[in-house]
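K.L.:
Structure provided below as structure tokens; questions to follow.
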Amino acid sequence: MSQTKANANQTGHLFTVEILIEDATNGLALEKLLHLLNANTIKDYQIIQGIQLGKLIELNVKKESHSAPQHIKRAIPVSAPATQVTAPPTPIPASEKIIDQLETFKANNTLIRLTVIKAKGIKLNLPCRILNYDNSSQNVTVYHVDEKKVYLFKLNEIDDYVAF
């Protein structure tokens, strides 16, 4: 088959990705990224922005604190009689406490040891940092510090975690 005929059957596909590369400096990480992107299979790319690891987490924390209030309290009207009392605060469910702890670990870039039970009882024990928690899908994205890989777990797969 000739080269032009093979190219006629191929179409380009555009992907938008965020890539985290660890290295001593932002420049060295960018160099690694450029080496990966200059493969024969990648025809074109555009680097929009590069943020160092600590800056990325710092920006996410600021964005979350400005975008949505943590707790909304009901205000007592000024004209209300003094005898009116608001209901005592409801206790926070355990799942919300866990999520709050994970968000704190993410914000502080805390190294934790995560114990996860996967399908068929496979138990994983990994040192990692929390990268993200998606409340809608209840997925926790973690960075395994030894393997230098990113993993995605369901919240209900997490058995235990200990901060270092």
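K.L.:
Residue by residue through the range 123-144, note down the ones that are exposed (fewer than 14 other Cβ atoms within 10 Å of the Cβ) and touching a Lys or Arg at 6+ places or on another chain (Cβ under 9 Å).
P.N.:
ASN125, SER137, listed by residue number.
K.L.:
Moving on. Can you tell me how many residues in the range 120-136 are without any contact (Cβ under 8 Å) to a residue 12 or more places away in the chain and in a loop (DSSP other than H, G, I, E, B)?
P.N.:
So in the range 120-136, the residues without any contact (Cβ under 8 Å) to a residue 12 or more places away in the chain come out as 120-122, 124, 134, 136.
Applying the additional criterion that residues be in a loop (DSSP other than H, G, I, E, B) yields 122, 136.
So the count comes out to 2.
K.L.:
Are any of the residues in the range 69-79 modelled with pLDDT under 60 and surrounded by 10 or more Cβ atoms within 10 Å (Cβ to Cβ)?
P.N.:
Yes, some residue in the range 69-79 is modelled with pLDDT under 60 and surrounded by 10 or more Cβ atoms within 10 Å (Cβ to Cβ).
K.L.:
Filter the range 137-160 down to the residues that are touching a residue at least 40 places away in the same chain (Cβ under 8 Å) and either in contact with a helix residue (DSSP H, G or I) (Cβ under 8 Å, 6 or more places away or on another chain) or within 9 Å of VAL116 (Cα to Cα) (or both) and list them by number. Don't jump to the end; show me each part of the working.
P.N.:
As a first pass, look at the range 137-160 and keep what is touching a residue at least 40 places away in the same chain (Cβ under 8 Å): 143, 148, 150, 155, 157-160.
Passing the criteria: LEU155, GLU157, ILE158, ASP159, ASP160.
K.L.:
All but one of (1) among the hydroxyl-bearing types (Ser, Thr, Tyr); (2) within 26 Å of ILE21 (Cβ to Cβ); (3) open to solvent by 40 Å² or more (accessible area, probe 1.4 Å) hold for THR110; which doesn't?
P.N.:
Unmet for THR110, out of (1) among the hydroxyl-bearing types (Ser, Thr, Tyr); (2) within 26 Å of ILE21 (Cβ to Cβ); (3) open to solvent by 40 Å² or more (accessible area, probe 1.4 Å): (3).
The values are calculated or read from the model by the stated rules, or taken from the named source; none is laboratory data. All values reported here derive from a predicted model rather than from experimental measurement. Counting neighbours? That spans all protein chains shown, and the Cβs are built from the backbone with ideal geometry, glycine included. For the accessible areas, the whole protein counts, side chains as well, though only heavy atoms, and no ligand, DNA or RNA atoms are used. Shrake-Rupley method; radii C 1.70, N 1.55, O 1.52, S 1.80 Å.
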